[in-house]
1. Please determine, in degrees from 0 to 90 and to the nearest 10, the orientation of helix 2-25 with respect to the longest principal axis defined by the Cα atoms of the chain, where the helix direction is its Cα long axis.
2. Helix 54-81 sits at what angle to the longest principal axis of the chain, using alpha carbons and giving 0 to 90 degrees rounded to 10?
3. Kindly state, to the nearest 0.05, the FRET efficiency for Ala78 paired with Arg13, given R0 = 25 Å and r defined as their beta-carbon distance.
4. Using only alpha carbon pairs under 8 Å that are at least six residues apart, calculate the relative contact order of the chain and give it in whole percent.
5. Provide the gained length on full extension for the span Lys6 to Ile24, in nm with one decimal, where the gain is 0.36 nm per separating residue minus the Cα-Cα distance.
6. Pairing the Cα long axis of helix 28-47 with the longest principal axis of the chain, what angle in degrees results, from 0 to 90 and rounded to the nearest 10?
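All of the numbers you see were taken from the coordinates with simple rules; none came from a lab. For clarity, every value in this text was computed on a predicted model and none was experimentally measured. FYI the Cβ positions are ideal-geometry reconstructions off the backbone, even for glycines, and counts take in every protein chain you see.
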Amino acid sequence: MNAIIKELVFQSRRANKAYELYKIEKYYHQALRIYYANRKIYKLLVENAKLWNDSVAKEVIEFIFHLEDWFIQFHLLAKELKPGLEDVFVFAKLEHSFSYPKGIIDKLKKLE
């Protein structure tokens, strides 16, 4: 479990750093960095579902739904725009999608 949490923490830091850079430029290659980190996070959350106890399971599921909504939007917009790496790439959160569950990584760290 310890290694899984450490990987989640690392990938979360990576995604957050990528997002900070994306907010400055909003280019497709910046969004791709977020995408790749989020895919790693998603895979870790889903593949280790049996580890998430009742204290975090609801938020983990909401995080998974948030990522799935984000991936759907990302793919549809990329397919529509066919952006180059330095093209602007921006989309708004779906009206009824799940928000990022703030503090989820800190809660998962407490499971160690």
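1. 20
2. Compared with the principal axis, the helix lies near 10 degrees.
3. It comes out at approximately 0.55.
4. 36
5. Full extension of this stretch gives 3.7 nm more.
6. 20
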